[in-house]
Each structure stands twice: as C-alpha cells, then as structure tokens.
Amino acid sequence: MRLKTPGEIDAMAVAGQAAAKTLHAMKAAAAAGTTTMALEMIAREELARHGARPALLDYHPRFSRVPYRFATCISVNDEVIHGQPSETTVIREGDVIGLDLVADVDGWLADTAITIVVGAASVKVQRLLTVTQEAMWQGVRKAVSGARMGDVSNAVQRIVERNGFGVIRELSGHGVGSEVHEEGIDVPNFGRAGKGLPLQVGMTFCIEPMVTAGSPGIKHRPGDPWAVVTRDGSIGAHFEHTVAVTSEGPRVLTALPS
Ligand code: MF3
Ligand code: CO
Ligand code: CO
C-alpha cells in the first residue's frame, strides 16, 4: 500500500466534491416514474460538468468476469450493491435506492454512496437508513493515526447490531486513490476493537457499511453478474465515504461543506 501525500489527498478531495455533488443531483432527480437509467445519465452529465471522469465505467474489478458498463451502481430495495442502471427499472413511490459512484479527476479517485427513499418512508426503513449512515460516521471517527482498522469495523458493527439490523460479512470497504480498489487495505464492517491493520497518516480508504433490515445473508441475483441482493428479501442499505487519515484526524473527502 502506498501512503498519500497531503497534496495527493487534496487532489482526491477535488474528485470527492465532484462525486458528492453528482450524488446530490441524482437524489434530487429520483422520483416515481423515473428510470434508474435516467439517473445514470444525470450522473454522467454532472461528473462531466465538474471535470470528472466516471471511474466505474468500463472498470474491470478482479472479483468479476466482466467489466462494469455504467458510471453508477443503482440498487433498488432488496439489492444492496452493484445494481445496474436500466431503462426498464421504473422508480416507484416508497422505493429504497442506493446510489454509488466513483469520480476521477486527473487520475485521483473518490468513491461515495447514499441510500434514499423515494416519497414517504416507513418508520423501519427510515431507521435502517439513519442507523446505516450513523454507523458509517462512527467508523469515520475511529479513522485516526495510531488506531487499528478493527476500531473502525467494531464501531460500525456495534451500532448496526444494537439496532437489530444485519451487517453483511462478505463485503468490505477498501483502499482507494489512483485505483477504485487499492490493495493492502480492507475495511470490514465487523470485527474486534484493537485488532487489525494499524492506521497511519496518508492512508485513504472507503468506509461503507452494507446493512440489511433482516438477516445479514446475501446472494447474487440469478442471471445478473452484478447485483447483490439480500437472501431473505429484506431491504438493503449502503452509505459510503472516502476518508483520509491525516495528522489532524479523519478527513472525509466526499462530504459537501455544511
Ligand atoms: N463503488 C463500488 C464500491 O464501493 C464499486 C463498484 S464495483 C463495480 O466499492 F464493479 F461495480 F464497478
Ligand atoms: Co462505492
Ligand atoms: Co467503495
């Protein structure tokens, strides 16, 4: 793993802002009657407007037989991650939609995701989203020099399980920087505090809890090389930020200034 310089982290933050603004535009456009492909097209335009290249488009991850053919992953209801945008997926009132993308500005990347509800949310869905996002933030707080990755993982796991939701074991966050998935850093969403990789200034990685409203089991959607769905059909949620460990603490590169 290569640690990033402060200048490289600043460059990743430029990509991070483009990614965050793009997610915001997608969220604003997500309405009943719209297709997920329409959201993909908005993302392509927004990324271009911010001088960013869609890093997922034609990206070929090690874990897949085939390259990915879209700028975004759009995961509806029981899909947790890697849903492919489609002309035939029409968004309906009450749908729970994960939006995930990676922006590349001059070779520096940032990866971020949110999950939204279209229209009114049930109490349980609202709680699922609040808890998943809060788990991400609790993980972020632990991303400091001198801590261990297990501190991040354990913080995520505790808040999810305390609320009765399922932490998916098979999927983790990852190193990010000049590639979407950089080797040497793995960010599980469960684990023991005080264990795992020692965190150092210059590390950059994604913290991305993937949570189910029911049991934590997942499977691949039959006939789809990408979509990961919950095994029990329950709703899935996913939030993601790209974080840098700095001498001043965790720096969230994909958060918009409040
Ligand atoms: N953005 C995803 C992540 O958080 C990566 C999508 S992988 C792809 O790791 F294969 F779909 F591109
Ligand atoms: Co992502
Ligand atoms: Co990621």
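Descriptive notes on the structure:
- Taking amide H positions as modeled 1.01 Å from N, with prolines and chain starts lacking one, the residues under 5 Å from Arg148 and 5 or more places away or on another chain are Gly194, Leu199.
- Test item: Cα-centred dipole of the chain, Lys/Arg +1 and Asp/Glu -1 on Cβ, debye: 640
- Taking trypsin sites (Lys or Arg not before Pro) in DSSP loop states with no more than 10 other Cβ atoms inside 10 Å as exposed sites, the chain has its longest site-free stretch at 66-258.
- Where labels lie 7 Å past Cα in the beta-carbon direction, separation of Ser145 and Met41 in nm: 4.8
- Helical mean residue ellipticity (222 nm; -39500 (n - 2.57) per DSSP H run of 4+; nearest 500) of the chain: -9500 deg cm²/dmol
- Each Lys and Arg adds +1 at its Cβ and each Asp and Glu adds -1 at its Cβ; summed about the Cα centre, region 124-222 shows a dipole of about 520 debye.
- With R₀ fixed at 30 Å, the C-beta to C-beta distance from Ala120 to Thr88 puts the FRET efficiency at about 0.75.
- Charge context of Ile159, other residues only, Cβ under 13 angstrom, K/R +1, D/E -1: +3
- Residues Phe63, Phe70 arranged by fewest to most Cβ contacts within 10 Å: Phe63, Phe70
- Backbone HN-Hα couplings from phi across region 167-182 [Karplus 6.51/-1.76/1.60, Hz, Gly and Pro as x]: 8, 6, 7, 7, 10, 9, x, 7, x, 8, x, 9, 10, 5, 10, 8
- Length added when fully stretched, Arg62-Val201, from 0.36 nm per residue minus Cα-Cα: 47.3 nm
- Whether region 93-216 is rounded, prolate or oblate, judged on the alpha carbon gyration tensor where a/c under 1.5 counts as rounded: oblate
- Gap separating the Cα centres of region 217-247 and region 118-132, nearest whole Å: 17
- Taking the Cα centre of region 70-187 as origin and assigning +1 to Lys and Arg Cβ atoms and -1 to Asp and Glu Cβ atoms, the resulting dipole is close to 780 debye.
Where a number appears in this text, it was derived from the coordinates with a stated rule and is not lab data. All figures in this text were calculated on a predicted structure; none of them were measured in a lab. No Cβ is skipped: glycine too gets one built from the backbone with ideal geometry, and neighbour counts run over all protein chains shown.
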